[in-house]
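Everything below concerns the one structure shown next.
Where a number appears in this text, it was derived from the coordinates with a stated rule and is not lab data. In this text the structure is predicted, and so the values were computed from the model without any measurement. Cβ atoms come from the backbone with ideal geometry, glycine included; neighbour counts cover every protein chain shown.
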Amino acid sequence: MAPTNTSLQDYVDYLKTGYWQWSQGRDYKLPDLDVAIDLRGLEDNPAQLAAARLAMQQWSAVVPVTFREVTDGAEIIFENIAPGAFFTQASKLLNIGQTFWGGNFQPGGYGFQAFLHEIGHALGLGHGGPYNTGGYYWTDAIFTKDVWPYSVMSYFSGEDAGFGSSAYATSPMGADIAAILQKYLPRGTVVAMNTGDDIYGFGGREGFRFGPDGLASNAGFAIHDTGGHDVLDLSGSLYGCRIDVRPGAFSSVNARGYNIYIYPGADPSPIEEVRGSNSDDRITGSAGANTLLGHGGDDVLRGEAGGDRLDGGAGLDQASYETSATGVEIDLRGGTATGGDAAGDVLSGIEIVVGSRHADRLTGNDERNALHGGDGDDTLIDGGGNDRLVGGAGRDRIEGGAGNDSIDAGAGDDTLAGGAEHDAISGGDGADTIDGGDGSDVLDGGAGADTLRGGAGIDTASYATAPTGVAVDLSAGRGTTGHAAGDRLEGIERILGSVHNDTLTGDAGANALTGDNGNDALCGNAGADTLVGGGHGDRFIYAAAGDSTVAAAGRDTIVDFWSGEGDRIDLRLIDADGNAANGDTAFILGTGGFTGAGAEIRVVQTATLRVFLVQADIDGNRIPDFAILVSIVQDLGAGEFLL
């Protein structure tokens, strides 16, 4: 029978009484939590004696139990006379063999955990399921929570249930604490535990102390702390840590899974300060005022409610307000924060900010920032540097600044502005207004009727992500098909089409039109245009002789002409003899010099391999009237022209 995912309280109830009812038909408990113990049976083994004392100390650190050493009338009698580990109710004998787990009883090993386990039996806790002396998680456990991260009374490591690489417990765990408190104290009793200024982790007291390697790195413990300024220090860890100090939360540290538990006691903010490792950490604070120190690595800090201090340290660090119930306002220039979970926060060493699902205002600083607004109508302001600004859903207002910025507004009708340098701006879905500002910018309006203003510089309207072909005409300043439908374009010099069939038309200036894949139609109009068809069969259309002049200043360049894919140069709209009154005259393609007959085209090899000059004599004076520079993949012959 597979374990059942029931509530933690169901599991606690089984530890309290369920196991005893299954195994012996009656409950077992001591009269109270003032417990008389006899340690004389371990005096011949100093390591076991020290382990027993520390194990009792660890129980007393998380529940209000007192252990008194006596020589007569003991309620727990420690011995090591038999192999194995067990507690016998009738004789009060708690036995752990001297060679149990290789005779190693240091914290962080199974030998020490066995002392915690057997003391739990002596205090009245059973196993977490109907098993004894052995078992297999998937057949013997009845609760999914019946694993070491929840209880030292379990037989099963967290790995059995997918909790990652398990640690050995160095204290009773969360379900053990709850079971003892409920078994011995009236419901609702407020318990004060560890009310001083305590350190857990690296630099902490024994039993709650980590080391960088060996058994000391393999510890797992629960923290039940109700007062003082308390620190969880993972600064010595060699691995990135996932730390969460909210009551009832687990942390996974030192390359172990779910090995620190914050018991939900009387203090809603049991840990006031967290020190991360020099690797990539994710640190979540509690409802109180926390200090979260990321140290080295690329860290994610989430302070939750309360006036928190978030210090990312070295690396590329993030302050996250994703769970804030209301919008936040963050200004990295001064490290100030207001609104929602950010109220009272002070930020330093933070390069990335993630806003809430509400209306946020996020401002960067001179460093390289990433600002993510999330849902809501957000305002994102670049403080300088090469930044990434992401609006998310909602009607966002995003302002770039100095530096080469990447702006992605997401869904919604957004207002976006680049800054002084070369920006990449994407509007996403919705009717967006995009102003590139100074610099050579790339503007992608996405779906919706967008307004794209290039501003100063050589600016590009990009439709590279469009799901269907587009039609864009810079001379009219309009888009009419697909993602371009309804778009208005101003100050745009370049167009990047989709991977589908596009129609791209330039204006009187020098344009660059790139069709990308698809069967595209490119018409540069006047000016020295650069035309790139991309893959598949493209048409390069010329409507007048003035569209590409003999002089280089107004001459077009076709960059990737490939006849094998169906590329064609289309001259059918040009009146070949220059006299529209006498009807249409077609060009004639020749191989030698002009004959003076007019309406002639010739292809001339330039000094560069596979670069040809296409020239046309319209009026018959043997002088070219227009010319196109063509870079080809295959030879350029009569079949490559539409005349």
Checklist entry - In terms of the ratio Rg/(2.2 N^0.38 Å) built on C-alpha atoms, what value belongs to the stretch 8-184? => result 0.96
Checklist entry - Fewest to most neighbouring Cβ within 10 Å: what's the order for SER157, SER277? => result SER157, SER277
Item to check | LEU380 long-range amide H proximity, modeled H, under 5 Å | outcome: LEU362, ARG397, ILE398, GLU399
Next on the checklist: Quick check on the stretch 268-348: take the gyration tensor over C-alpha atoms, sort the square-rooted eigenvalues as a ≥ b ≥ c, and tell me if it's rounded (a/c under 1.5), prolate or oblate.
Outcome noted: oblate
Next on the checklist: Name the residue from GLY554, VAL604, LEU522 whose Cα lies farthest towards the positive end of the charge dipole of the stretch 458-643, charges +1 on Cβ of Lys and Arg and -1 on Cβ of Asp and Glu.
Outcome noted: VAL604
Checklist entry - Any idea which of SER91, GLY448, ALA627 is furthest toward the positive side of the dipole for the chain, if Lys and Arg beta-carbons carry +1 and Asp and Glu beta-carbons -1? => result SER91
Item to check | Cα-based helix-to-principal-axis angle, 174-184 vs the chain, degrees rounded to 10 | outcome: 40 degrees
Item to check | Where chymotrypsin sites (Phe, Trp or Tyr not before Pro) fall in DSSP loop in the stretch 132-226, at most 15 other Cβ within 10 Å | outcome: TYR136
Checklist outcome for this item: Extension length gain for ALA90 and ALA456 (0.36 nm per residue less Cα distance), in nm, is 122.7 nm
Checklist entry - Roughly what % of Cα-Cα distances in the stretch 410-469 sit above 19 Å, to the whole percent? => result 21 percent
Next on the checklist: Please report the antiparallel percentage of the DSSP beta bridges confined to the stretch 458-643, to the nearest 5.
Outcome noted: 35 percent
Item to check | Rg in Å to one decimal, and Dmax rounded to a whole Å, for the stretch 141-181 via C-alpha atoms | outcome: 9.7, 29
Next on the checklist: As a test of the formula, what do you get for the chain when each DSSP H run with n ≥ 4 contributes -39,500 (n - 2.57) and the sum is divided by the residue count, at 222 nm and rounded to the nearest 500 deg cm²/dmol?
Outcome noted: -2500 deg cm²/dmol
Checklist outcome for this item: Exposure proxy check on ILE260, ILE77, ILE425: fewest-to-most Cβ neighbours within 10 Å is ILE77, ILE425, ILE260
Checklist entry - In vacuo Debye scattering of the stretch 458-643, one point per C-alpha: log10 I(q)/I(0) at q = 0.14, 0.18 Å⁻¹? => result -0.73, -1.14
Checklist entry - Hey, got the dipole for the stretch 351-504? About the Cα centre, +1 on K and R Cβ, -1 on D and E Cβ, debye to the nearest 20? => result 320 debye
Item to check | Size of charge dipole - the chain - debye, nearest 20, with Cβ of Lys, Arg +1 and Asp, Glu -1, no other charges | outcome: 2440 debye
Checklist entry - Can you give the relative contact order of the stretch 8-184 as a percent, counting alpha carbon pairs under 8 Å and 6+ residues apart? => result 25 percent
Checklist outcome for this item: Computed for the stretch 458-643: size of charge dipole around the Cα centre, +1 on C-beta of each Lys and Arg, -1 on C-beta of each Asp and Glu, debye to nearest 20, value 160 debye
Checklist entry - Among bridges DSSP assigns within the chain, what percent are antiparallel (round to 5)? => result 20 percent
Item to check | Diffusion coefficient, µm² s⁻¹, Stokes-Einstein with Kirkwood Rh over alpha-carbon pairs of the chain at 20 °C and 1.002 mPa s | outcome: 71 µm²/s
Checklist entry - Relative contact order, percent, of the chain when contacts are C-alpha pairs under 8 Å separated by at least 6 residues? => result 5 percent
Item to check | Nearest-ten-degree value, helix 110-123 long axis tilted from longest Cα axis of the chain | outcome: 60 degrees
Checklist entry - To the nearest Å, what is the center-to-center distance of the stretch 504-544 and the stretch 1-44, using C-alpha atoms only? => result 80 Å
Next on the checklist: For LEU332, LEU49, which order do you get if you count the other beta carbons within 10 Å of each Cβ and list the fewest first?
Outcome noted: LEU49, LEU332
Checklist entry - So what's the gap between the Cα centers of the stretch 374-412 and the stretch 253-296, to the nearest angstrom? => result 30 Å
Checklist entry - Can you list the lysines whose alpha carbon sits under 22 Å from that of LYS92, skipping same-chain ones fewer than 8 residues off? => result LYS16, LYS29, LYS183
